[in-house]
Amino acid sequence: MSRKVRMARLGIQVVLWMLLTIFLLYFIYDRRAPFLWQFIATMAVTGFTAMPAYLSSKMLVPRLLYHRLIGKFTGACLLAAFANTIVTYFVVGAFYYELSGNSIFAAPDNIQLLFSFFFIINCIVIMVSSAVQIIVDRFGIEQQLHRVEDEKVSTELAFLRAQINPHFLFNVLNTIYFQIHKENGAARNSVENLSEMLRYQLYECTSDMIDITRELAYIENYVAVQQLRMEAGTDLRLNLPAEPGSFMIAPLLLLPLVENAFKHLSNFKDPSQNKLYITIYREKEEQFVVKVLNTCNPADTVGPHPSGVGLKNLERRLALLYPGKHSITRNFHENIFETTLRIRYSN
């Protein structure tokens, strides 16, 4: 959120609370009592009213309303308004009595009128604060979507400027594949893996969601291609679930974690000391886990920071696609860096 937006939001809140204070003072003003005491008591009422406003906007709206628990949200708001009305009436009433010597508990009609008035005011404040929070959240999401869309367009334009015609590229790969002698199965498999990767990126990643089995197949091909440039004896392990199930996931969502591990992999003289473990599994129902562990160079004392464009874009995509349903933890100990991504998905 920009500084101008924050200042505008703060200004609107100050104006609304001032208007509420003026309205309360006008309604309960008593000419027989000193103005200062009534103003202080009214400010106290406004302060107490801020509590259910904060509760509804910061807790009830995101936890209940956004999860479509309308009944629970309504009940919680009414309960908060009723409880705050009781607290406000007795605390402010006692406070006003200490200041002025006048009691607001003397006349039954006065008690019923003020109690009803405070309850209605609390309900109105809760509704207004909830509506403002919804508008602010909606505006923030739209701003994020615009930024991601702009980045996506820029990336696509850069890709279009740099890419070779995919049909030409596939034809060349097919030609190379058949030029390789049949006995050289390793070279043929490498060309085939690269061809599958390109096909996946160009033709299958056009939708917002894709089956998890296709994403895992892409990761497997990517690791196989990367392994070609690694020294023999490198401790590289890829553990994929035998039966990952059938659910949809955003395409190329897991790749940045794997790319980052290959990028920061150590280069010890003894290849067996260079370790890269990729483990993907379902931890429990509707939770998907990706663990990537790699050794780093001894000179890297702070570990590979997630400062690359790919990882930043990954975090933004996760925030938009899986809000409140994902977590990323990073641990660095000695020369071992481990990243764990957990996603709660829904079929």
| task | Sort out which residues of the stretch 60-75 are closer than 14 Å to Ile134 by Cβ and either acidic (Asp, Glu) or part of a helix (DSSP H, G or I) (or both), and write them in order of number. | result | Leu60, Val61, Pro62, Arg63, Leu65, Tyr66, His67, Ile70, Phe73
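Yes/no matrix, rows are residues, columns are (1) in contact with a Cys (Cβ under 9 Å, 6 or more places away or on another chain); (2) at pLDDT 75 or above:
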{"position": "Asp30", "(1), (2)": "no, no"}
{"position": "Pro52", "(1), (2)": "yes, yes"}
{"position": "Thr74", "(1), (2)": "no, yes"}
{"position": "Ala81", "(1), (2)": "yes, yes"}
{"position": "Ala94", "(1), (2)": "no, no"}
| message | Six or more apart or on different chains, Cβ atoms under 6 Å: show the pairs whose first residue is in the stretch 315-337 and among the aromatic types (Phe, Trp, Tyr) and whose second is part of a loop (DSSP other than H, G, I, E, B) and modelled with pLDDT under 85. | response | Phe332/Gly303; Phe337/Gly303; Phe337/Pro304
| query | Here is a list of conditions, (1) over 19 Å from Asn221 (Cα atoms); (2) within 28 Å of the chain's Cα centre (by Cα), and Asn274 meets all of them except one; can you say which number that is? | reply | (2)
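The values are calculated or read from the model by the stated rules, or taken from the named source; none is laboratory data. Given the structure is predicted, the values throughout are model-derived calculations rather than measurements. Cβ: placed from backbone, ideal geometry, glycine included. Neighbour counts: every protein chain shown.
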